[in-house]
Amino acid sequence: MNIDVDLSPITALIIDDSRYARSFIKTALQSFGIRTILEAADGPSGLEILGQQPVHLVIVDHDMAPMDGIDFTRFLRAGEIVACDDVAVIMMSAESAAEVVFQARSAGVNEFLVKPMSADSLFRRIRNVLVNPKAFVRTPGFKGPDRRLLSRPPPGVAERRVAAPLAKPLPLVMPIGATAAARPAAAPHAPVVQAPKPAQERTGRKKFHAGQIVFSEGDAGDMAYVVESGKVSIFKTVNGQKVILGQIGPNGVFGEMALIDNEPRMASAMAAEETSCLVIPMAALKSQIGKTPDLVILVLETLLYDIRKMGRELGQVRATLEKKRAGK
């Protein structure tokens, strides 16, 4: 997946009644570079948030109560509750039936995404609605993004358009590498965001010399590691004392817990000798976790909570044993 746009100025709103689904989507959005991410557990709460602050992108689930994603989009497009009817809407659904897609399209969504989804497919939808926004149609029978994929009707179908095609709005973001001449003039309602040069990708392999810290306890977790050669020590600092919890050898994985439950690193990792590791960035792991059923994730998060608790207790016990051995 090539992140070729700067999404940092974008404000996104996730509406889903599953907090686990919201967590997965939020992590994916963060990996895309979006910094301001709001959450709502139902449609009415989402509309309330939209009425309080500007939002560029809404990702809404189809199957919710008391207001499902279809009704939410209809209320949003009507513009009677909130005055931001032309915000981009991506709808997610476990249903892929034609009638569901048609209902979403008629309600005024910009994109439709079938679950389970990958981070790559979500990014492509987000990129499309922000880089290539559709003209917004306002008629007595429909209010939303232009549903036509072509500017002319299909062969054998009479032209029903009674006016010239609407002009496309300005993009909210521009792909990296777009020249200044190719960018349209900025407008007050849709500023063009200058994308910076791409950051170095955090994938591949990394080598650590003996004694080098891979990450420290309390750090935010943004990647996991697989030991290809060498050895890594996992330790905690208890009352100023370094306590070894274990060592990871070839083919061992470490650092993955923080990527799954979004908690700080529970311990530090240090290369015990010259070590080479395969680096797994958060986006790569989350794209696979996003395909996992919520029930499995619930069990996994419960296990991780217990592991973290046991890790803290193990650190205290080993620190106490070390003091006794030292005669303190």
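Restricting attention to strands (runs of 3 or more DSSP E) lying wholly within the range 57-122, give those where 1 or more residues are at pLDDT below 90 and out of contact with any His (no Cβ under 6 Å at 6 or more places or on another chain). Let's see the steps before the verdict.
Details: elements: 57-61, 88-93, 111-114.
Ranges flagged: 111-114.
Would you check which residues across the range 211-260 are closer than 20 Å to Ser276 by Cα, open to solvent by 50 Å² or more (accessible area, probe 1.4 Å), assigned to a strand (DSSP E or B) and of a type outside the set (Val, Ile, Thr) and list them?
Glu228, Ser229, Gln247
So which of Gly79, Gly69, Gly46, Gly108 ends up being surrounded by 18 or more Cβ atoms within 10 Å (Cβ to Cβ), at positive phi and touching a strand residue (DSSP E or B) at 6+ places or on another chain (Cβ under 8 Å)?
Gly108
The values are calculated or read from the model by the stated rules, or taken from the named source; none is laboratory data. Remember, it's a predicted structure, so these values are computed and weren't measured experimentally. All Cβ positions, even for glycine, are placed from backbone atoms using ideal geometry, and neighbour counts span all protein chains on display. Only protein heavy atoms, including side chains, enter the accessible area calculation; ligands, DNA and RNA are left aside. Shrake-Rupley method; radii C 1.70, N 1.55, O 1.52, S 1.80 Å.
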